[in-house]
2 protein chains.
Amino acid sequence: MSMEGQDIKKAGLKITLPRLKVLEILEVSEQRHMSAEDVYKALLLMGEDIGLATVYRVLTQFEDAGLVSRLSIDGGHAVFELEDGVHHDHLLCVSCNQIEEFVDEVIEQRQRSIAIEKGFKMTEHSLYIYGICKQCQEKN
Amino acid sequence: MSMEGQDIKKAGLKITLPRLKVLEILEVSEQRHMSAEDVYKALLLMGEDIGLATVYRVLTQFEDAGLVSRLSIDGGHAVFELEDGVHHDHLLCVSCNQIEEFVDEVIEQRQRSIAIEKGFKMTEHSLYIYGICKQCQEKN
DNA sequence: GTGTAAATGATGACGGTTTTCATTTATATT
DNA sequence: AATATAAATGAAAACCGTCATCATTTACAC
């Protein structure tokens, strides 16, 4: 059984072709952030005939299992990324939709302090910086 | 003409009953953050027979005019708040859906620095801290 | 008052996502 | 290896928040 198979099994899921292939796409794709539709199209290109509903289901199961993270970006559609255990935030280019990641311990710490000040028990946080990336600025 | 009427007029919009009433709801409602549906229901309670499509249109126009801000919270549905000119971020209670606001200049500054480091021209940013508010913690 | 562009309401469309349900498949057990 | 059974799948329809269409109504400049 492959490494991926073990991840799937550990999540309490049966090892099926759709699950193995979705995981493979996420691992081999040059784009780290993919929508369900992106994954679906990549599967079609690979010659795998897997339904879109299954892709959505599998991605949600992987999210529940902690294998992937879901980013809900502006305007209601989601992208997924392989979870690497390191929290990070995102910079999104509003022109080309490219996504970059960053980690900033100062911000992390301030967020924790604010939650405490307000009496909140923080479960999560999401920070998106929107802007125009270097390449898109140079193009125009 | 009321104060509100002037705001609407300044936005280049005709002063109509639906617009006055939507603005009134946003001002008098005890909840600062309302979805289009919330506003629509509040209008019905007031006895105003205004269509949901109009509520959406008016809120979008108010957003364009800078009278309200739209928050896109987790999973694609939006809430609106009266714009007071002061940028702030949000704490959301995942239990009771209450929303609190905060301002943190340290975070603001770090965000600007990160955008510069990454070569991004920042247009916007959104920061949400999710957690359980004080009241909900005490309840359980 | 009147003309004209703008605004409204009802309804249908839309897009991403989820549910339904009949069929197929993985896996534990014989 | 055959079988039983719960889980997984695919196709299609349902969903939900939001937006567009279009015929009718309204605000406001003249």
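Listed values, structure above:
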| quantity | calculated |
| --- | --- |
| Meets criteria (free of Cβ contacts under 8 Å to residues at least 12 places away in the same chain, closer than 30 Å to B:I132 by Cα, open to solvent by less than 20 Å² (accessible area, probe 1.4 Å) and more than 14 Å from DNA strand D (Cβ to nearest atom)) for A:I107 | no |
| Residue check for B:E63: in contact with a strand residue (DSSP E or B) (Cβ under 6 Å, 6 or more places away or on another chain), of a type in the set (D, E) and modelled with pLDDT of 95 or more | yes |
| Subset of the stretch A:20-56 [of a type in the set (D, E, K, R) and within 14 Å of DNA strand C (Cβ to nearest atom)] | A:K21, A:E37, A:D38, A:K41, A:E48, A:D49 |
| Search result, residues across the stretch A:83-130 that are within 27 Å of A:E27 (Cα to Cα) and facing another protein chain (nearest Cβ under 7 Å) | A:L91, A:V94, A:E100, A:F102, A:D104, A:E124, A:H125, A:S126, A:L127, A:Y128, A:I129, A:Y130 |
| Selection count where residues are open to solvent by less than 60 Å² (accessible area, probe 1.4 Å) and more than 16 Å from DNA strand C (Cβ to nearest atom), scope the stretch B:67-81 | 4 |
| Output for the stretch B:91-104, where each listed residue is part of a strand (DSSP E or B) and open to solvent by 20 Å² or more (accessible area, probe 1.4 Å) | B:I99, B:E100, B:E101 |
| Members of the stretch B:55-68 that are assigned to a helix (DSSP H, G or I), over 24 Å from B:I129 (Cα atoms) and more than 8 Å from DNA strand D (Cβ to nearest atom) | B:V55, B:V58, B:Q61, B:F62, B:D64, B:A65 |
| Near pairs, Cβ below 7 angstrom, 6+ apart or cross-chain, from the stretch B:33-54 (near DNA strand D (Cβ under 10 Å from one of its atoms)) to any residue that is outside any helix (DSSP H, G or I) | B:S35/B:H77; B:S35/B:A78; B:S35/B:V79 |
| Output for the stretch A:69-90, where each listed residue is in a strand (DSSP E or B) and away from DNA strand D (no atom under 15 Å from the Cβ) | A:S69, A:R70, A:L71, A:V79, A:F80, A:E81, A:L82, A:D89, A:H90 |
| Some residue of the stretch B:51-62 being within 10 Å of another protein chain (Cβ to nearest Cβ), surrounded by 13 or more Cβ atoms within 10 Å (Cβ to Cβ) and aromatic (F, W, Y) | no |
| Candidates B:V39, B:V106 - the one that is at negative phi and more than 12 Å from the chain's Cα centre (by Cα) | B:V106 |
| In the stretch A:12-32, the residues that are part of a loop (DSSP other than H, G, I, E, B), open to solvent by 40 Å² or more (accessible area, probe 1.4 Å) and within 13 Å of DNA strand D (Cβ to nearest atom) | A:G12, A:K14, A:I15, A:T16 |
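The values are calculated or read from the model by the stated rules, or taken from the named source; none is laboratory data. Just so it is clear, the structure is predicted and the values come from calculations on it, not from any experiment. Using ideal geometry, Cβ is built from the backbone for each residue, glycine included, and neighbour counts are taken over all protein chains shown. Surface areas here come from the heavy atoms of the whole protein model, side chains and all, with no ligands, DNA or RNA. Shrake-Rupley method; radii C 1.70, N 1.55, O 1.52, S 1.80 Å.
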